[in-house]
Every structure is written in structure tokens, then in C-alpha cells.
Amino acid sequence: MAPKITKAVIPAAGLGTRFLPATKAMPKEMLPVVDKPAIQYVVEEAVAAGLTDVLMITGRNKSALENHFDRIGELEATLERKGDTERLEKVNYSTDLADVHYVRQGDPKGLGHAVLRARMHVGNEPFAVLLGDDLIDERDVLLSRMIEVSGEKNASVIALLEVDPSQAYLYGVATVEPTDESDVVRITGLVEKPPTGTAESNLIIIGRYVLQPQIFDVLDHTEPGAGGEIQLTDALQEVAENDIAGGVYGVVFRGRRYDTGDRLDYIKAIVQLAVDREDLGEALRPWLRDFVSTME
Ligand code: UTP
């Protein structure tokens, strides 16, 4: 029987250069999406999929992350004094969400390098990796399906999304073979940010992974790739090519995914999420319609 997956690794040590100066003193994972930092959505998603042990890989500005998932006595006392129980509950909710641990990456040498820093904490078990750049709508299922497929196949599993082929060069791209399950494919090749026009498919890798622990041995010798960074995609390409620890499968996600990795997509994500919110949508929708009608 495949071992039960309990650990989630959340890399949050990137420099977030696309969001400077907002990310000068704060990790981009702390940027608010409506009224919650992106990282809280991601931790909530991990918890909803049954993962209770969260390891964050942090960089130079880790205090904001640690504070967010810790008690803040002064704030709690003030809200209590004011009798603002609703906000107090929100504050306590993020504190009690999961058992959160932290490890420093040191130099941000790439996502693969960040994941390798999880080795001691994870040990010899399969584990999940979730990136704060991609938010998955809580009404749609992805991570629990990936965990299920990983158990069935005893292999690593990545999340894939179909995009317009002209956009593929921006992402990690997968070449695949079908399996007998319509949402599952076997990965035959992976390339990180292929030069424009060379991508062999329109299936891109999005920020959810369920990995077998053998990935650490591969990452140990993975050389820097695209952008001079140690790429998780390159390590997974080696796992797929050599069929290491069951190879790599992909779950094709057809639900709602919000990209918060660059500024334009971040703005779109906030609008999309806010129009659906019970507390904000009713007021936002008519305003948005009016606003759009004033544009050319
Ligand atoms: P990105 O490449 O999108 O993040 O990494 P970045 O480098 O911070 O962003 P830009 O391009 O400069 O704006 C994807 C994820 O991997 C983490 C990031 O924090 C993000 O969640 N990451 C990346 C690390 O933890 N360490 C790294 O060395 C690189």
C-alpha cells in the first residue's frame, strides 16, 4: 500500500521581482488576494486535502510569513476589547490552520533548490508541493485527486493545464501519453520555458506537485537550467525519462485557477474572486458593469 501523504512543502523564497517594489521587504506570497495573503489560500487548500504538516521554504523576508501563522497577542487583545468577534475569529483561524514549520533557502537558486531544502523535514515519504503563484478555486478538486493518482500509480504526479499554444513558452511544458483515465496522462517529457514556437504541447505545469522522495537524489545533481536556476522541471524530466520511482503522471485540471504570479493576472484574480464573494460580490458586480461601460 502506498504511504499516506501528510506533508506539504510551500516554497516562498523567490525574489518576486515582478512585483517590486511591493516585494522589497515582503515575500510575494504575502500579497493580499482580496483580504487574505495568497499563502493562506494555499495552506487552506493543503489542509482541505488532508495535509496537516506544512513546511515553508523562506527567504530573506520570512518574518511576515511567520507572524501571519502565529499569535499576535496585541491584535487579539484589541479585537477582544472591542468585542469584534468576527475579525478575531479570522485572525485566530490563520493561526490555528496547520502545524507550520520553516526552513531557510539561503540563496534563491531556483524552485528545485528550494524543494531540496525540504529533504530533512520530509524524510523518505511522498509529499506535496504547492506554489503561492497559483490559486485553485476551493470549489474545484485538484490536490486530493493528485494524491489519489499518486497512490494508485505509486509515482510522482504534476498538475497540468491546457493553454493557448502561443503562451506555452512562459511555462514548463509537458509531452504526454494518454492513460485509461480521461484526466490522467503519463509524462514522456518536460521542458522549462521552451523557446517561442518550440513547445511540443499546450499542456503547461501549474504549481501543484505530489512527489516521491527520490526527487531529492535527482535534485542533488540537477544543474542550473532556464534562467540559471535549478529547475524542479528539469529534475522531473529526469524522473520521467528514466522512470525513477514510478515515473511521472499528470492530472489535467479543468477547474478554476487564478494566476497571481504576474501583475496583470494578479489583478484579474482579485476581480474574479471578489465578484463571487458573498460579502463583496453584490456591491462589486454592478459597479464593475458601470465601470466597464465607461471604457471605450
Ligand atoms: P517564481 O520564479 O515565480 O518566483 O517561482 P520569483 O522568482 O519569486 O518571481 P519573479 O519572477 O522574480 O517575479 C515560483 C515559486 O518558487 C518559489 C517562489 O517563491 C514561488 O513561490 N521560489 C523560486 C523559491 O522558493 N526559491 C527560489 O529560488 C525560486
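Here are the numbers for the structure shown:
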{"quantity": "Alpha carbon centroid spacing (whole Å) that separates region 119-133 from region 241-296", "calculated": "25"}
{"quantity": "Å² of accessible area per residue within region 1-116, as computed with a 1.4 Å probe and no ligands counted", "calculated": "51"}
{"quantity": "Spin-label model distance (nm) - R104 vs R263, 7 Å beyond Cα toward Cβ", "calculated": "3.1"}
{"quantity": "Accessible area of region 181-239 belonging to carbon and sulfur atoms, whole % at 1.4 Å probe", "calculated": "46"}
{"quantity": "Residue-averaged 222 nm ellipticity for the chain, from DSSP H runs of 4+ at -39500 (n - 2.57), nearest 500", "calculated": "-10000 deg cm²/dmol"}
{"quantity": "Candidates V185, V248, V34, ranked by Gaussian network fluctuation over the chain, Cα under 10 Å, top entry", "calculated": "V34"}
{"quantity": "Computed over the chain: relative contact order in percent, which uses C-alpha pairs under 8 Å that are six or more apart", "calculated": "21"}
{"quantity": "Local net charge near G255, Cβ-Cβ under 15 Å (Lys/Arg +1, Asp/Glu -1)", "calculated": "-3"}
{"quantity": "Cα gyration tensor shape of region 1-111, rounded if a/c is under 1.5, else prolate or oblate by comparing a/b with b/c", "calculated": "oblate"}
{"quantity": "Label-reachable residues, region 43-66, where backbone N falls under 18 Å from a point 7 Å from E76's Cα toward its Cβ", "calculated": "65-66"}
{"quantity": "Cα gyration tensor shape for region 186-296, rounded if a/c is under 1.5, else prolate or oblate", "calculated": "prolate"}
{"quantity": "E89 versus N242: modelled label distance in nm, points set 7 Å from Cα along the beta carbon direction", "calculated": "5.2"}
{"quantity": "Potential lengthening between A22 and A226 on full extension [0.36 nm per residue; Cα-Cα distance subtracted]", "calculated": "70.9 nm"}
{"quantity": "Formal net charge of residues neighbouring G73 (Cβ-Cβ distance under 13 Å; K, R +1; D, E -1)", "calculated": "-2"}
{"quantity": "Fraction of accessible area attributable to carbon and sulfur, region 32-92 (%, probe 1.4 Å)", "calculated": "48"}
{"quantity": "Whole-percent carbon and sulfur share, accessible surface of region 125-165, 1.4 Å", "calculated": "44"}
{"quantity": "P(r) weight above 26 Å for region 99-239, C-alpha pairs, percent", "calculated": "22"}
{"quantity": "Relative contact order (%) - region 1-129, alpha-carbon pairs under 8 angstrom, separation at least six", "calculated": "38"}
{"quantity": "Per residue value of the accessible surface for region 233-296 (all protein chains in place, 1.4 Å probe), Å²", "calculated": "62"}
{"quantity": "Contact order normalised by residue count of region 185-296, Cα under 8 Å, 6+ apart, percent", "calculated": "25"}
{"quantity": "DSSP beta bridges in the chain [antiparallel fraction, %, rounded to 5]", "calculated": "60"}
{"quantity": "Evaluated over the chain, the Cα radius of gyration and Dmax, each in Å", "calculated": "19.6, 61"}
{"quantity": "Over 29 Å between alpha carbons, listed pairs K28/K90; K109/K153; K7/K109; K7/K153; K90/K153; K62/K90", "calculated": "K109/K153; K90/K153"}
{"quantity": "Prolate/oblate/rounded call for region 118-193, Cα gyration tensor, a/c under 1.5 rounded", "calculated": "rounded"}
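The values are calculated or read from the model by the stated rules, or taken from the named source; none is laboratory data. Computed from a predicted structure; not experimentally measured. Note that each Cβ is placed from the backbone with ideal geometry, even for glycine, and that neighbours are counted across all protein chains shown. Each accessible area value is taken on the protein alone, full model and side chains, heavy atoms only, with ligands, DNA and RNA left out. Shrake-Rupley method; radii C 1.70, N 1.55, O 1.52, S 1.80 Å.
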